[in-house]
1. For residues that are touching a Leu at 6+ places or on another chain (Cβ under 9 Å) and either under 30 Å from H441 (Cα atoms) or within 10 Å of the ligand (Cβ to nearest atom) (or both), tally how many sit in region 27-42.
2. How about region 395-425: which of its residues are open to solvent by less than 10 Å² (accessible area, probe 1.4 Å) and more than 14 Å from the ligand (Cβ to nearest atom)?
3. Could you grab me the full set of residues in region 1-12 that are assigned to a loop (DSSP other than H, G, I, E, B) and either open to solvent by less than 10 Å² (accessible area, probe 1.4 Å) or touching a strand residue (DSSP E or B) at 6+ places or on another chain (Cβ under 6 Å) (or both)?
4. What about L214, is it among the aliphatic types (A, V, I, L, M) and either modelled with pLDDT under 95 or in a loop (DSSP other than H, G, I, E, B) (or both)?
5. Look through region 185-211, keep the residues that are hydroxyl-bearing (S, T, Y) and either more than 16 Å from the ligand (Cβ to nearest atom) or modelled with pLDDT under 95 (or both), and return whichever of them is most open to solvent (accessible area, probe 1.4 Å).
6. Is it fair to say P84 is more than 19 Å from I387 (Cα to Cα) and out of contact with any Leu (no Cβ under 7 Å at 6 or more places or on another chain)?
7. Please tell me if T269 is open to solvent by 30 Å² or more (accessible area, probe 1.4 Å), under 21 Å from G51 (Cα atoms), within 16 Å of the ligand (Cβ to nearest atom) and modelled with pLDDT of 95 or more.
8. Quick one: which of L130, L134, L125 is over 14 Å from L34 (Cα atoms), open to solvent by 40 Å² or more (accessible area, probe 1.4 Å) and near the ligand (Cβ under 10 Å from one of its atoms)?
Amino acid sequence: MVDEMRFDVVVAGAGMAGVVVAIAAAKNGATTLLTDRFTFLGGNATAGLLGNFLTFHNMKGEVICAGIPQEIVDGCIALGGAFPDHRGHLPNPYGNAYSVTPIDAEALKLVTQQLCVRAGVRLMLNTYTLGPVLEGGRVAGIRVVNKSGERVVRGTVVIDATGDADLAAAAGAPFQLGDEAGRTMSISLFFRLGGVDLDKHLAYVKQRPDQFMLGEDPYVGKSREEIAAGLKHWKDYPLVTGYYEAVKEAKARGEFHENRERVVFSITTTPGVVTINSTSMLGYTPTDGEALTRAALEGREQVKAVTDFFRKYVPGFANAFVLDSASALGVRESRRIVGEHTLTTADCIAARKSEQDIGQGAYCLDVHEPSGKIVHKHVRDGEAYGIPYGCLVPKQVESLLVVGRPISSDRYANGSVRVQAHIMAVGQAGGTAAAMCITKHCSPRDLPVAELREKLREQGAVV
Ligand SMILES: Cc1cc2nc3c(=O)[nH]c(=O)nc-3n(C[C@H](O)[C@H](O)[C@H](O)COP(=O)(O)OP(=O)(O)OC[C@H]3O[C@@H](n4cnc5c(N)ncnc54)[C@H](O)[C@@H]3O)c2cc1C
């Protein structure tokens, strides 16, 4: 016989979207379960070794993400896992976002766990979600498996925070995947290098600003040279992207994979340690188990090749060594549900806002095309766009909300809204909405958005 448990709100997937959803639901009085396949919380931010949150500001420097996400950053600062400067959010001269928030994965694991426990969230780790429990057109719970065997967890509201909309898809909700041909962005395997002399690297940036992304958004209105001249410390350039000539030279010698024109890395709170985001596996569908295995194998080979590249070509990296590599592949793009509202490229670029918004986004529309080309579009005039509640509500399926990367959005809009600060803002809204559905005895589709917005404002969120 399959054991059963029951909660008001059941959250499948404990990436940063799922974590914030669960905290928000529990804080608003719902009995809440949060479950994940890993032994810790955070998803791509911890298992994927992502190393930073983008972005708590629009390009004007106005705060667009607050409430629970800021509590998480504050908790990491207290543990030394985020910089105390600017409440964790370092100015980002790259220009793809106003600020970047370097975050240590170990601090984040502890802080998210403590906030969940304090809010009264019931955690079920080392547990795989098998699929939804369906009753008519309604998701009535999830089926999970762990060392104790298989069980059903019933929920009045179920939240799909799997990052891939696995539950929504299995429940029959409509979705899109990738471009018109179903091709998705590249997958990456992050890793960390120790033994790095960042002063040497910064000296090179100042000498050759033409080799780096600096001031990319036209709103910045400054040349690369002007920006480089203002960099005083390696902390002043926390998200580095460039080394074009070096990559070109290494490619010509067969020493670098073909899928990138430049390398990317983030500083960390540990001096001499950086997080490398420069592997790139193309042509793998993230909802295909076998493809993910092949991507992981290719990723591991690329970690070695990219490390050799850094040691040979990048100033300050001659003595670098691999500290660790991620336990999860970094999947940029997967399913996107078709919701009651779909966020579009035009909405984002025009910085459109409405009375339906439950959060804001401002990160550039960042798409790694299947060809390997990286395309960035920018939100107009340094503004932010609104994220409507309907993006979380899948069509055709009741009692289900979808949060995180797969919310209803077109491809380029998703290239912006998928980043951590934006999905955490969406998470706070999703969890609060779920708890309100319990007290109001209504389905997520019928929740009055004006009341949700009011509650979110009361609880410190920016809507
Ligand atoms: C290569 C790359 C670079 C990026 N760079 C940045 C960046 O610099 N800054 C930034 O802010 N964002 C960045 N992002 C975006 C961001 O990391 C993701 O969009 C974000 O992690 C999505 O969060 P999520 O909570 O929706 O999903 P995830 O973080 O993927 O979390 C999903 C969780 O669900 C769990 N799960 C899924 N299926 C199951 C199942 N069946 N059973 C049990 N558990 C399950 C997983 O274990 C995981 O913990 C990047 C993403 C990638 C891939």
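1. Of the residues in region 27-42, 9 are touching a Leu at 6+ places or on another chain (Cβ under 9 Å) and either under 30 Å from H441 (Cα atoms) or within 10 Å of the ligand (Cβ to nearest atom) (or both).
2. V397, L400
3. V2
4. Here the answer is yes, as L214 does meet what is asked.
5. Only one residue tops the list, namely Y204.
6. Yes; evaluated as a whole, the condition is true for this residue.
7. Against the criterion (open to solvent by 30 Å² or more (accessible area, probe 1.4 Å), under 21 Å from G51 (Cα atoms), within 16 Å of the ligand (Cβ to nearest atom) and modelled with pLDDT of 95 or more), T269 qualifies.
8. L130
The values are calculated or read from the model by the stated rules, or taken from the named source; none is laboratory data. Please read these numbers as outputs of a predicted model, since none were measured by experiment. When we count neighbours, we look across all protein chains shown, and the Cβ atoms used for this are built from the backbone with ideal geometry, even at glycine. The accessibility values were calculated without ligands, DNA or RNA, using every heavy atom of the protein model including side chains. Shrake-Rupley method; radii C 1.70, N 1.55, O 1.52, S 1.80 Å.
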